[in-house]
Structures are given as C-alpha cells and as structure tokens.
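Structure first, then comments.
The values are calculated or read from the model by the stated rules, or taken from the named source; none is laboratory data. Quick caveat, the model's predicted, so the values are computed rather than measured. Methodologically, a virtual Cβ is constructed for each residue, glycine included, from the backbone with ideal geometry; neighbour enumeration extends over all protein chains shown. Ligands, DNA and RNA are stripped out before the accessible areas are found, and what is left, the full protein with its side chains, is counted by its heavy atoms. Shrake-Rupley method; radii C 1.70, N 1.55, O 1.52, S 1.80 Å.
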Amino acid sequence: MKLYLDTANVAEIRELAWLVDGVTTNPSLVAREGRPFRDVLREICAIVKGPVSAEVISLDRDGMVREARELAAVAANVVVKIPMTEAGMQAVQVLSRDGITTNVTLVFSANQALLAAKCGATYVSPFVGRIDDAGGDGMAVVNEILTVYGQYEFRTEVIVASVRHPGHVLQAALLGAPIATVPYDVLKKLFGHPLTDAGIARFLRDWQQVPSA
Ligand code: E4P
C-alpha cells in the first residue's frame, strides 16, 4: 500500500519524504502556505520523487486542459487534479490521450469513479472524511469503487482521500486500497502506541540495573 502526504507544506514534506510515496495538494492547502502556487509545486516536486497532485481552478474543459498542460510542464512527476464534473471528464479524456496523468478529485460515489475510469483517469480520489461528515459511509463507497474497478479491470488507481484519523488508514488497508493520502498529523499518529511508550520506559528503567563492565 502506498501512502501519500496530503499537504502543501514544504517543511512537513521534507520531514516525511523518506517515508511517503507521493504528495497531494488542493487549492485550500496551497492557500494556507501564502506563497505562489508554481513556486510551492516546483519545490515539492524537487523533494518528492513520486507523484505530486496539483489541482486546476478552471471549470470549463478547455481551461482545465490548458491549465493541466501548464502544470504538467512544471515537473515530470506532476499529476493534474481535475474535479469530477462533466467538463472535467471531457478534460480527462483529452489529457489521457495526451499522456498527462490525472487525479479525479471530489469523488463521492462509485458511479462518479466509474465515469472517471472510463474517461482514462490515472487516479480517482474518494473523499471518505467528507462522506462521513455528511452522514454517509466513506469506506463503503471505497469498497464499491474497488469492487467495480476489479470487475472490469480498470487501471485507474484509488487514492483514499479526506482521511481524518488512523482508523481511516487501517480501513483503507483492510479493503486493499492501493493508496491513501494522509494529513501530516494523522501520519505521525500511525507511529505511536501507548504500550510502545510504556515498553520503552520500562526497558530503560530496567537497563539501569544492568551492572557496567
Ligand atoms: C485529497 O486529495 C484532498 O486534498 C484532501 O484529502 C481533502 O481532505 P479534506 O476533506 O480534509 O479537506
């Protein structure tokens, strides 16, 4: 299973670059950094060898395709994030024929994911946290998408997105999702367990009883 970092913060990416397989950004995450988008994207792509998702802002097909080509020119590992709309899927179809990798974002149903795959999306990002927030079951949607993709052997890869807590990562792993994109604070929590801390403390305490040579 691949883990991506869901952030546009360069310090966070530098710290965890040894671990993560890629990075996803979105307009809200970029806005938090208070820096020009292309500068941030260039810097992230230099740190991370794996895929780095960067989102278009246009809502019409031609605007999205134009922006996507500009973003793809920033670095070889840029993946262009396209919103799940009818125009967005037209753009994905054009970009896929051009060999530009895409990540269809803001996916909330298996039918949306089906259309994204049919249009040639490289990745699809179901937002599990936002589905849960709206009273739905985000992981059930991921399960449906994985089932549909498996049935038709679509090559589109599922990125479990909008991850809110370690339980989401575990559930994604149990479902066999190929990728989860995880915020910095959630990823840091995956390392920890109270019994690990207690175990280290006890070992260090006991070690003081070992006679020195
Ligand atoms: C995914 O690519 C998005 O950047 C992200 O996971 C959205 O998460 P949020 O719902 O916490 O904003």
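Can you find even one residue in segment 145-164 that is touching a Lys or Arg at 6+ places or on another chain (Cβ under 6 Å) and closer than 22 Å to residue 23 by Cβ?
yes
Does residue 181 satisfy the condition of being of a type in the set (Ser, Thr, Tyr), surrounded by 10 or more Cβ atoms within 10 Å (Cβ to Cβ) and out of contact with any strand residue (DSSP E or B) (no Cβ under 8 Å at 6 or more places or on another chain)?
Values: of a type in the set (Ser, Thr, Tyr): yes; surrounded by 10 or more Cβ atoms within 10 Å (Cβ to Cβ): yes; out of contact with any strand residue (DSSP E or B) (no Cβ under 8 Å at 6 or more places or on another chain): no.
Considered against the rule, which asks whether it is of a type in the set (Ser, Thr, Tyr), surrounded by 10 or more Cβ atoms within 10 Å (Cβ to Cβ) and out of contact with any strand residue (DSSP E or B) (no Cβ under 8 Å at 6 or more places or on another chain), residue 181 comes out as no.
Any residue in segment 5-20 that is over 23 Å from residue 104 (Cα atoms), within 16 Å of the ligand (Cβ to nearest atom), out of contact with any Ser or Thr (no Cβ under 9 Å at 6 or more places or on another chain) and not aliphatic (A, V, I, L, M)?
The answer is yes, given that some residue of segment 5-20 is over 23 Å from residue 104 (Cα atoms), within 16 Å of the ligand (Cβ to nearest atom), out of contact with any Ser or Thr (no Cβ under 9 Å at 6 or more places or on another chain) and not aliphatic (A, V, I, L, M).
Given (1) away from the ligand (no atom under 16 Å from the Cβ); (2) open to solvent by less than 30 Å² (accessible area, probe 1.4 Å); (3) closer than 21 Å to residue 59 by Cα, identify the lone condition not met by residue 110.
The single condition residue 110 does not satisfy is (3).
Looking only at residues that are assigned to a loop (DSSP other than H, G, I, E, B) and open to solvent by 40 Å² or more (accessible area, probe 1.4 Å) in segment 149-177, which one is farthest from the ligand (Cβ to nearest atom)? Don't jump to the end; show me each part of the working.
First pass over segment 149-177, keeping only residues assigned to a loop (DSSP other than H, G, I, E, B): 153-156, 162-165, 175-177.
Next cut, open to solvent by 40 Å² or more (accessible area, probe 1.4 Å) only: 153-155, 164-165, 175-176.
Details: 153: 25, 154: 19, 155: 19, 164: 7, 165: 11, 175: 17, 176: 19 Å.
In this case the residue turns out to be 153.
Test residue 180 against the criterion of being modelled with pLDDT under 95, more than 25 Å from residue 94 (Cα to Cα) and not in a helix (DSSP H, G or I), and give yes or no.
Working: modelled with pLDDT under 95: no; more than 25 Å from residue 94 (Cα to Cα): yes; not in a helix (DSSP H, G or I): yes.
When the stated conditions are applied, residue 180 does not pass them.
Provide a single number: the residues in segment 82-104 that are open to solvent by less than 10 Å² (accessible area, probe 1.4 Å) and in contact with a helix residue (DSSP H, G or I) (Cβ under 9 Å, 6 or more places away or on another chain).
Total meeting the criteria: 7.
Which residue, of 145, 179, is of a type outside the set (Gly, Ala, Ser), under 20 Å from residue 51 (Cβ atoms) and out of contact with any helix residue (DSSP H, G or I) (no Cβ under 8 Å at 6 or more places or on another chain)?
Residue meeting the stated conditions: 179.
When residues of segment 126-144 are filtered for being assigned to a helix (DSSP H, G or I) and either on the phi > 0 side of the Ramachandran plot or out of contact with any Pro (no Cβ under 6 Å at 6 or more places or on another chain) (or both), how many remain?
11
Among the residues of segment 72-92, is any among the small types (Gly, Ala, Ser), under 13 Å from residue 53 (Cβ atoms), away from the ligand (no atom under 11 Å from the Cβ) and not in a loop (DSSP other than H, G, I, E, B)?
Yes, segment 72-92 has at least one match.
Does segment 122-148 hold any residues that are of a type in the set (Gly, Ala, Ser) and near the ligand (Cβ under 9 Å from one of its atoms), and which are they?
Passing the criteria: 125, 129.
Show the residue pairs meeting these rules: Cβ distance below 8 Å; 6+ apart or different chains; first residue within segment 148-162 and at positive phi; second residue open to solvent by 10 Å² or more (accessible area, probe 1.4 Å) and within 16 Å of the ligand (Cβ to nearest atom).
Correct list of pairs: 162/127; 162/130; 162/131.
Of the residues 198, 213, which is in a helix (DSSP H, G or I) and free of Cβ contacts under 8 Å to residues at least 24 places away in the same chain?
Numbers: 213 fails: in a helix (DSSP H, G or I).
Answer to the check: 198.
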